[in-house]
Amino acid sequence: MCEGVEATPPGKLTAGSLPLSALGITVAAVICVALLSFPSLGGNNYQLRVASTLFFNVALAVGFWAVYLTGLLNMTQIAFVGIGAYTTAALAIHGHWSMWAAVPASVVAALVVGVVIGYATLRLRGSYFFLVSFAFLEVTRLFFTSFFKDQFGGTNGLTGVPRPPVLPVLGASVNLASPSGYYYLTLGLMLLTVTLIWRIVSSRNGLVLRALSQSDSLAESVGISSFRYRMLIFLTSTGLAGLAGSIYAYMNLVVFPTDFGLTRAVLVVVYTVVGGVGHILGPMLGASVITVLGEWLRRFGTLEQLAYGLVLVVVMLFVQGGLVSVPGRITKGSGRLPRSVARTAWKVRLQAMSSAAWRRRREE
Amino acid sequence: MSSPLVAESVTRRFGGLVALQQVSLRLNPGEIVGLIGPNGAGKSTLLNVVAGVMKPTHGRVKLGDTDLTGKPPHVVAAAGLVRTFQAVNLFGRLSALDNVMLGSHLRFRAGFLRSLLPLNSNRRQEREIRDRALAILEECGLREQAPAEAQALSLGHQRLLSLAIALAAEPKMLLLDEPLAGLARGDQEEVLNVIRGLVGKGLGVLLVEHNMRAVMSACGRIVVLNQGRTIAEGSPAQVASDQRVREVYLGTKREKAASP
Amino acid sequence: MDLTSLVQGGASGALLASLYVLVALGLTIEFSLLRIINFAHGDFYMLGAVAAYYLFAEVALPFPLVVVVAAVGGVILGFLAERTLFRRFHEDLLGAFVLSLGLAWVLEMAVVGKFGAYPKGLPPVVAGVSRFGQVAISNDRIMVIVVGSLIVAAISLYVTKSQVGRAMRAVAQNKDAAALLGINPVFVGTIGFVLGTALATLAGALVSPIFSVDPQMGVGLTIKAFVIVIIGGMGSIPGAVLAGILLGLFEGVGGIYVDNAQLAVLEFLVIILFLILRPKGIMGSAEA
């Protein structure tokens, strides 16, 4: 699986915190300006809608990836999106809460449940954590399906979420309940998620997170509380998921239990794997490509799922570093990542792979 | 720095099996104590109990006045008691330097929120950690290997790197679990020299080792375990001449000699 | 609570139990040998049922032959899937999960293309109903319970007594040690995967006269089977058998009193508790 990441050259030793290059900052700034001005440059409603979905999915994929860095395959994320969405919908519909109150309340709700779930599950590892998180996803969906039907509407979902308000921005007014309003909401979500996660993984604590996926016992032996760090990144991802859910409720104005089920959770995993787990650009790229691809495939009806399946199998078998590893393969004709990516590439695979297989090789 | 590590009559049972029976151990700063015994004598269990990986069924573990009995490993490490592992255990996909920098986590831990801010103090501290990690690598003879991925190092270098990581945690007491296993003679000497250097600085070292030659030459005092009990304790010479130790180690020979 | 409905519930529980155990056995064997989580497992079951539909309802082969053909098809399918797809992902949780998802989607959509998206039923194999006092059970159900139990017994015997079975348990406990004893873990893994797949297709064919056949029928069952594998202790065969029986009876009897979704919530809460309190399951397992 593309083992060829070069070691950091001695002159540029980093703690995983990359000094942002001037080029990097410029590129990021140009992209941000372009994204911000896209609606006023005449993006049509369809394009704006696809873009919103794309931003939303990128945010989810990055949040999933952040927890994956510590070696946990976390399927609870979509459950927390559901909790955020249902909190917003219920408070706005039944309690007539304004958006400014409902959004933070949803984040808090996700965090509160997240603390409980985190305490209960984050000591589990590997397949056990994966399956228990999977079970929590199902429990949450079924809970919204069959409990408190008066409040949550059962299988009929919650309809009639009030539209988000019109905001005065710099003298102009932005109608949040329009395609461009949703565009900005999701863009904000994505920028917040990516910035926050990027700051975390490129800080010293990011190094700790990556270390956890490789050896818990060694980390503990030098005083790192693996539980504490997993909890912190899990809650970061969970809070962002709650926020995403809240925005989801305001975008769709209805929420159904099936919106937060296995399919969506699995898609987030797919974005991440197809994009590549070696770098934050991986989940971003994967989510973008698959969202656009899905939009395009939609016209072929049921072929959509077939195509997803084929893409997955092909990527898993032939492009194991994910899409981010492709440019490097082409330029070097091997499984190596490009130098620029390599320096920042954190090849993270599950503990089972990294430590067990590697130790076995060592012992031979 | 003058607080000893004390294990008081530690007992550990697994179901009906008694792995440790009332074992006591004292390790003073500035000495190397060897812990030896045949396979299954309970050496690893004792190490795991002291390091917090396992809880003792009975007994206490203390570092100076701090009671560490049953505390989780990261708390034990924070108290100044750091262990290494018998099997190679490294952050295999990170560079040697990153490995050592992670070792210094206790000293330089960064607040989760604070580390998100682009503060100058963060950057300064980062440079300090890196310089210190490089110095430790230098001390262990690994300066050249700093940028290499840990899993790509030779076994000897990996053992040294394990030691470097433990040192970065600035331990008061170091528990080494067979640090020489699988090493060639020359590499063994290299590791032993590093260990001797540490003791000169006031560290206490508990050396669990199969290699008798190394233990005899390096340790001031040796504790011998057999079947979960301490059967002898004393200077290398005392232990070597102890009747029971000879029985345990040379038992088969004696039996042969006794039979007609 | 009246006795008749309790017995009736017990009977449907027994039916579910035989199905669950057959499907979960394969999953737990695959997990114990390869450390993978195969999400396409339920789709192999679905393929067995679809094959049975064509062979029994359309070609009109005798039913026992249909079941045998489905099992043999499972052997071939399992062999191909392991050799071409899963081989590279042994011990790779994420890789195998995503790969099997892709495979599941491809299989489901391929079947939708040929078979159609809607459920179809098969004619009964053994027509009629047997009465035990006031309790009525269709003969097909009795057939499934009996044949299913026999197969489960045969597999358990095979795994405990045969040479290959011993090799499997050795690999499940410690791959490296097994390799030192001259056992080829990759080969044993392939056998386990083939066996698991064949059990799934066989189960699909066996129950096809009772449950309607549709391309999505495997998805829910995969999840159920994982529940069983977890509760039984991941990788434990007796655990999977016991947990499968318990879950089947629980659903059969519980289904009389509460609706299915609430039952499912309860079930999942039980698993979550289980994983937290006793991650090694009721029978424990080799995995640390």
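The values are calculated or read from the model by the stated rules, or taken from the named source; none is laboratory data. This structure is a prediction, so every number in the text was calculated from the model and none was measured. Backbone-built Cβ (ideal geometry, glycine too); neighbour counts: all protein chains shown.
Of the candidates A:Ile224, A:Ile233, the single residue that is over 21 Å from the mean Cα position of the chain (by Cα) and aliphatic (A, V, I, L, M) is A:Ile224.
Of the set (1) more than 22 Å from A:Pro179 (Cα to Cα); (2) more than 9 Å from every other protein chain (Cβ to nearest Cβ); (3) of a type in the set (Ser, Thr, Tyr), all apply to A:Ser246 but (1). Screening B:Gln125 with (1) surrounded by fewer than 22 Cβ atoms within 10 Å (Cβ to Cβ); (2) farther than 29 Å from A:Trp198 by Cα gives one miss only, at (2).
Could you identify the single residue in A:Val292, A:Val277 that is part of a loop (DSSP other than H, G, I, E, B) and within 24 Å of C:Trp105 (Cβ to Cβ)?
Among A:Val292, A:Val277, only A:Val277 is part of a loop (DSSP other than H, G, I, E, B) and within 24 Å of C:Trp105 (Cβ to Cβ).
Please tell me if B:Thr45 is free of Cβ contacts under 8 Å to residues at least 24 places away in the same chain and in contact with a Gly (Cβ under 9 Å, 6 or more places away or on another chain). Taking the combined requirement at face value, the residue does not satisfy it.
With respect to the conditions (1) modelled with pLDDT under 90; (2) surrounded by 21 or more Cβ atoms within 10 Å (Cβ to Cβ); (3) more than 30 Å from C:Ala261 (Cβ to Cβ); (4) not acidic (Asp, Glu), C:Met217 falls short on a single one, namely (3). Among the candidates B:Val18, B:Val88, B:Val75, the residue that is out of contact with any Leu (no Cβ under 6 Å at 6 or more places or on another chain), touching a residue at least 12 places away in the same chain (Cβ under 8 Å) and in a helix (DSSP H, G or I) is uniquely B:Val75. Just one of the listed residues (B:Val100, B:Val61) is more than 12 Å from chain A (Cβ to nearest Cβ), buried (at least 23 other Cβ atoms within 10 Å of the Cβ) and outside any loop (DSSP other than H, G, I, E, B), and it is B:Val61. Residues that are more than 23 Å from B:Arg107 (Cα to Cα) and in contact with a Leu (Cβ under 7 Å, 6 or more places away or on another chain) within the stretch B:160-180 comprise B:Asp177, B:Pro179, listed in sequence order. For the stretch C:73-82, indicate whether the set of residues that are at the interface with chain A (Cβ under 10 Å from one of its Cβ atoms), out of contact with any Pro (no Cβ under 6 Å at 6 or more places or on another chain), within 27 Å of A:Val270 (Cβ to Cβ) and without any contact (Cβ under 8 Å) to a residue 60 or more places away in the chain is non-empty. No - not one qualifying residue is present in the stretch C:73-82. For the stretch A:283-306, taking the residues that are under 19 Å from C:Ala96 (Cα atoms) and either surrounded by fewer than 19 Cβ atoms within 10 Å (Cβ to Cβ) or in contact (Cβ under 8 Å) with a residue 24 or more places away in the chain (or both), the one that is nearest to the other protein chains (Cβ to nearest Cβ) is identified as A:Gln305. Restricting the stretch A:129-159 to residues that are in contact (Cβ under 8 Å) with a residue 24 or more places away in the chain and not in a helix (DSSP H, G or I), which is farthest from the other protein chains (Cβ to nearest Cβ)? So, considering only residues that are in contact (Cβ under 8 Å) with a residue 24 or more places away in the chain and not in a helix (DSSP H, G or I), the one farthest from the other protein chains (Cβ to nearest Cβ) is A:Thr159. When the residues of the stretch B:220-246 are filtered to those that are in a loop (DSSP other than H, G, I, E, B) and out of contact with any Ser or Thr (no Cβ under 9 Å at 6 or more places or on another chain), the one that is farthest from B:Gln86 (Cα to Cα) is B:Asp242.
Inspect all residues belonging to the stretch A:215-226 and state whether any of them is over 21 Å from A:Pro39 (Cα atoms), outside any loop (DSSP other than H, G, I, E, B) and among the hydrophobic types (A, V, I, L, M, F, W, C).
yes
Residues in the stretch B:130-140 that are part of a helix (DSSP H, G or I) and either buried (at least 21 other Cβ atoms within 10 Å of the Cβ) or in contact with a strand residue (DSSP E or B) (Cβ under 9 Å, 6 or more places away or on another chain) (or both): B:Ala133, B:Ile136, B:Leu137.
Residue-by-condition table, conditions (1) more than 15 Å from B:Gly111 (Cα to Cα); (2) among the hydroxyl-bearing types (Ser, Thr, Tyr); (3) at pLDDT below 90:
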| position | (1), (2), (3) |
| --- | --- |
| A:Ala172 | yes, no, yes |
| A:Asn175 | yes, no, yes |
| A:Ser180 | yes, yes, yes |
| A:Leu187 | yes, no, no |
| A:Thr195 | yes, yes, no |
| A:Arg199 | no, no, yes |
| A:Asn205 | no, no, yes |
| A:Asp216 | yes, no, yes |
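Selection of first residues in the stretch C:157-169 that are of a type in the set (Phe, Trp, Tyr) and of second residues that are assigned to a helix (DSSP H, G or I) and modelled with pLDDT of 85 or more, restricted to Cβ pairs under 9 Å at least 6 apart or on distinct chains, gives the following pairs, ordered by first then second residue: C:Tyr158/C:Val164; C:Tyr158/C:Gly165; C:Tyr158/C:Leu195. Selection of the stretch C:148-164 for residues being surrounded by fewer than 17 Cβ atoms within 10 Å (Cβ to Cβ) and not hydroxyl-bearing (Ser, Thr, Tyr) yields C:Leu150, C:Ala153, C:Ala154, C:Leu157, C:Lys161, C:Gln163, C:Val164.
Applying the criterion of being in contact with a Ser or Thr (Cβ under 9 Å, 6 or more places away or on another chain) and part of a helix (DSSP H, G or I) to the residues of the stretch B:168-204, the residue that is nearest to the other protein chains (Cβ to nearest Cβ) is B:Ala168. Residues in the stretch C:41-81 that are acidic (Asp, Glu) and either buried (at least 24 other Cβ atoms within 10 Å of the Cβ) or under 17 Å from the mean Cα position of the chain (by Cα) (or both): C:Asp43 only.
For the stretch A:192-243: of the residues being among the charged types (D, E, K, R) and facing chain B (nearest Cβ under 9 Å), which is surrounded by the fewest Cβ atoms within 10 Å (Cβ to Cβ)? Restricting to residues being among the charged types (D, E, K, R) and facing chain B (nearest Cβ under 9 Å), the top hit is A:Arg228. Of the residues C:Gly95, C:Gly113, C:Gly102, the single one that is within 14 Å of chain A (Cβ to nearest Cβ), in a helix (DSSP H, G or I) and in contact with a Gly (Cβ under 7 Å, 6 or more places away or on another chain) is C:Gly102.
Would you be able to tell me the number of residues in the stretch C:130-160 that are under 14 Å from C:Val207 (Cα atoms) and touching a strand residue (DSSP E or B) at 6+ places or on another chain (Cβ under 7 Å)?
3
Candidates are the residues of the stretch C:226-235 that are more than 10 Å from every other protein chain (Cβ to nearest Cβ) and out of contact with any Phe, Trp or Tyr (no Cβ under 7 Å at 6 or more places or on another chain); the one that is surrounded by the most Cβ atoms within 10 Å (Cβ to Cβ) is C:Gly232. Of all the numbered requirements in (1) surrounded by 17 or more Cβ atoms within 10 Å (Cβ to Cβ); (2) in contact (Cβ under 8 Å) with a residue 40 or more places away in the chain; (3) of a type in the set (A, V, I, L, M, F, W, C), C:Ala117 misses one, and that requirement is (1).
Here A:Thr87, A:Thr70, A:Thr53, A:Thr26 are screened, and the one residue that is assigned to a helix (DSSP H, G or I), under 20 Å from A:Val194 (Cα atoms) and in contact (Cβ under 8 Å) with a residue 40 or more places away in the chain is A:Thr53.
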